[in-house]
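See structure below.
The values are calculated or read from the model by the stated rules, or taken from the named source; none is laboratory data. Note that the structure is predicted; figures quoted are calculated from it, not measured. Glycine also receives a Cβ, built like all others from the backbone with ideal geometry; neighbour counts cover every protein chain displayed. Ligands, DNA and RNA are stripped out before the accessible areas are found, and what is left, the full protein with its side chains, is counted by its heavy atoms. Shrake-Rupley method; radii C 1.70, N 1.55, O 1.52, S 1.80 Å.
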Amino acid sequence: MAKRMFKSESKRLLDLMINSIYTHKEIFLRELISNANDALDKLYYLSLTDENIVFDRENFSIRITPDKDARTLTITDTGIGMDEEELDKNLGVIAKSGSFAFKQEHEKAEDVDIIGQFGVGFYSAFMVAEKVVVTSKKFGSEEAFQWISSGADGYEIKPTAKENAGTEIVLYLKADTEDEKYSEFLDEYKLRSLVKKYSDYIKYPIKMMTTRQKLKEGTENEYESYQEDDTLNSMVPLWRKNKSEVTEEEYNNFYREKFFDFENPVKVIHTSVDGAVSYKSLLFLPARPPFDYYTKEYKKGLQLYTNGVLIMDKCEDLLPDYFGFVKGLVDSADLSLNISREMLQHDRQLKAIASRIKKKIKSELEAMMKNDREAYESFYENFKRPLKFGLYDNYGADKDFLVDLILFDSSTEEKPVSLQEYVDRMKEEQKYIYYACGETKEKIAKLPQVEAVSEEGYEILYFTEDVDEFAIKILGKFADKEFKSVSDSASEQKEETREEDKDLFAFMKEALGDEVAEVKGTTRLKSHPVCLSSTGEISLEMEKVLNAMPNDQKVKAQRVLELNINHPMFASLQTMLTEDKEKLKKYTNVLYNCALLMEGMPIEDPVAFSNDTCDLIY
Ligand code: ADP
């Protein structure tokens, strides 16, 4: 019989398969099992209208048979089978599969993880086999055919005998090399773990004769091996069950096992959606951030299944960055197995699922905040950073969506408060939502500016994280109220500078040079003599954060040195202006540096500061 040639596209895909990196090779089993599953599905649909087909677990199954002596691995199904024409058409040419088109476009792109992630179909057999023999008998036909190929040079099809309908695929494994041990795929343990990993939820049993040990009769410590037929897959996925059928313990075990956590999740979100887009999802909120969560290595994403087959381990597009800590999976029959990452990104179904999942996570968190505040607070303590980053991610695209989940420490409350709670207790005449920045709650509470606003009876939000003020800047307003930093010099009611103080401020400004934009008097400080504030877009806190970032561009807030004109110190300054300008200069430096220290900012020249201070003490 003349050799038939593969169509040119298929040839190229074959080359790709044969040369793929080793870690991808194991997915051949998933692909062949998935084809067997489809073939069984097709027969199952026939059985709905054909009473001659008896549906039972014995008739509908997939079998894996490793043969170490022959170095073959056989995958058999009792599905619909293929006739001669189908063998030629289906296996002689590869459908224009998504992954193939993608790979062609990106041929130069370095190691696109396309084979590992997506369905690549029957051809993946050639990643591990030097020869493949497919024997198939179409359901309802008397004839059987054999398709034989050793890879790129083509294939033959010839008639053969086969008892039952279905397909048998024999892989003649490649010889082992230094780096690639194909004989692994003859190992029962390895095969079992591959089925568990990729095909656990295939709904037909995947069977394998398994070697077991038992105690030899009449002995106490002698063992003998025996063979037992074993079903490798668990078939019904947890997420396909009704919520009411699953115990908390089952959820917890599933989570810990599948997502490698030692702790139980704080929340399980199990949903089943039917409609324009149908899917089931099972999501978990971890109790603590994964160990690598704050590193570059961390990859967010949910597992993506279609019809019980895992097609992607971490589908990033299903989760926004700010919910990147969520673990879990999505199963949707609406997605095709042969789909590339690029197509996936544009897939409308996937987008629709992602958007619903995002809303679901939020509403669950909101409910938790409302019904179990303590649990929410401890969750929030662990995950507030990504949530706050989420506010200004994407130029604030989701800020209104996320703001309800944000809490801040407060000057009047023991526990962190939401913005809504703050606004609800605002005083009638209060115009702004006040906040103050600093390293810790305790340090902020001691800031002179905080004392001033607190004395007015206003609550102040404490920002202790570098992201806080940026997040607030993006929000702009909440419930129509603007945010105001207690260190913002403009937040004060306009105070006219008294005529008699003008010379003093001018002298002090002169002494400080470019360090400050302005020196002015204030009445808002109660017990403190000075404070530092800022005017303009960049606040003192933002200066600290931006300058801590690894880049060369340093920014500087426009600093304002504010002097408490009701403080006894102020009178001494005025006296000095007329009596001892040199001393006033030193005083100015010391006061300015004190203000910097209170803000938690570095002072430029600590030695000069120390000298000036000592001079003044004498
Ligand atoms: P895909 O499964 O994505 O269509 P494949 O290359 O894996 O691509 O398979 C091509 C076609 O060959 C399948 O669509 C199916 O019609 C047929 N086929 C493959 N394996 C089997 C099988 N075990 N039983 C019946 N038909 C099969």
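In the stretch 209-232, the count of residues that are surrounded by 20 or more Cβ atoms within 10 Å (Cβ to Cβ) and not aliphatic (A, V, I, L, M) is zero. The listed residues are Tyr172, Tyr189, Tyr223, Tyr201, and the only one of them that is under 29 Å from the mean Cα position of the chain (by Cα) and among the hydroxyl-bearing types (Ser, Thr, Tyr) turns out to be Tyr201.
Taking first residues from the stretch 71-87 that are on the phi > 0 side of the Ramachandran plot and open to solvent by 40 Å² or more (accessible area, probe 1.4 Å) and partners that are of a type in the set (Ser, Thr, Tyr) and modelled with pLDDT of 95 or more, the Cβ contacts under 7 Å between residues at least 6 apart in sequence or on separate chains come to Arg71/Tyr172.
If you scan the stretch 75-124, which residues turn out to be closer than 19 Å to Lys197 by Cα and at pLDDT 90 or above? Once the filter is applied, which keeps residues that are closer than 19 Å to Lys197 by Cα and at pLDDT 90 or above, the stretch 75-124 yields only Ile75.
Within the stretch 454-483, being among the small types (Gly, Ala, Ser) and either crowded, with 18+ Cβ neighbours inside 10 Å or closer than 14 Å to Cys437 by Cα (or both) holds for Ser454, Ala471. Taking the criterion of being among the basic types (Lys, Arg) and not in a loop (DSSP other than H, G, I, E, B), the residues of the stretch 121-165 that qualify are Lys131, Lys137, Lys158. The single condition among (1) open to solvent by 20 Å² or more (accessible area, probe 1.4 Å); (2) touching a residue at least 40 places away in the same chain (Cβ under 8 Å) that Thr440 does not satisfy is (2). For the stretch 356-391, the set of residues classified as over 17 Å from the mean Cα position of the chain (by Cα) and more than 27 Å from Asp331 (Cβ to Cβ) consists of Met369, Lys370, Asn371, Asp372, Arg373, Glu374, Ala375, Tyr376, Glu377, Ser378, Glu381, listed by residue number.
Check whether at least one residue in the stretch 245-263 is farther than 21 Å from Lys314 by Cβ, open to solvent by less than 90 Å² (accessible area, probe 1.4 Å) and touching a Lys or Arg at 6+ places or on another chain (Cβ under 8 Å), and report yes or no. Looking through the stretch 245-263, none of the residues is farther than 21 Å from Lys314 by Cβ, open to solvent by less than 90 Å² (accessible area, probe 1.4 Å) and touching a Lys or Arg at 6+ places or on another chain (Cβ under 8 Å).
Among residues of the stretch 167-181 that are among the charged types (D, E, K, R), those with a beta-carbon under 6 Å from a residue that is in a strand (DSSP E or B) at least six positions away or on a different chain give the pairs Glu168/Thr76; Glu168/Thr135; Lys174/Glu130.
Taken as a whole, the condition of being in a helix (DSSP H, G or I), of a type in the set (Phe, Trp, Tyr) and open to solvent by 10 Å² or more (accessible area, probe 1.4 Å) applies to Phe389. Hey, which of the helices (runs of 4 or more DSSP H) in the stretch 491-610, taking only ones fully inside, have at least 2 residues that are β-branched (Val, Ile, Thr)? Of the helices (runs of 4 or more DSSP H) lying wholly inside the stretch 491-610, those with at least 2 residues that are β-branched (Val, Ile, Thr) span 568-579, 581-599. Here Leu573 meets each of (1) surrounded by 20 or more Cβ atoms within 10 Å (Cβ to Cβ); (2) under 30 Å from Thr464 (Cα atoms); (3) in contact (Cβ under 8 Å) with a residue 40 or more places away in the chain with one exception, condition (2).
In this structure, Lys509 does not satisfy being out of contact with any strand residue (DSSP E or B) (no Cβ under 9 Å at 6 or more places or on another chain), closer than 25 Å to Ala452 by Cβ and open to solvent by 50 Å² or more (accessible area, probe 1.4 Å).
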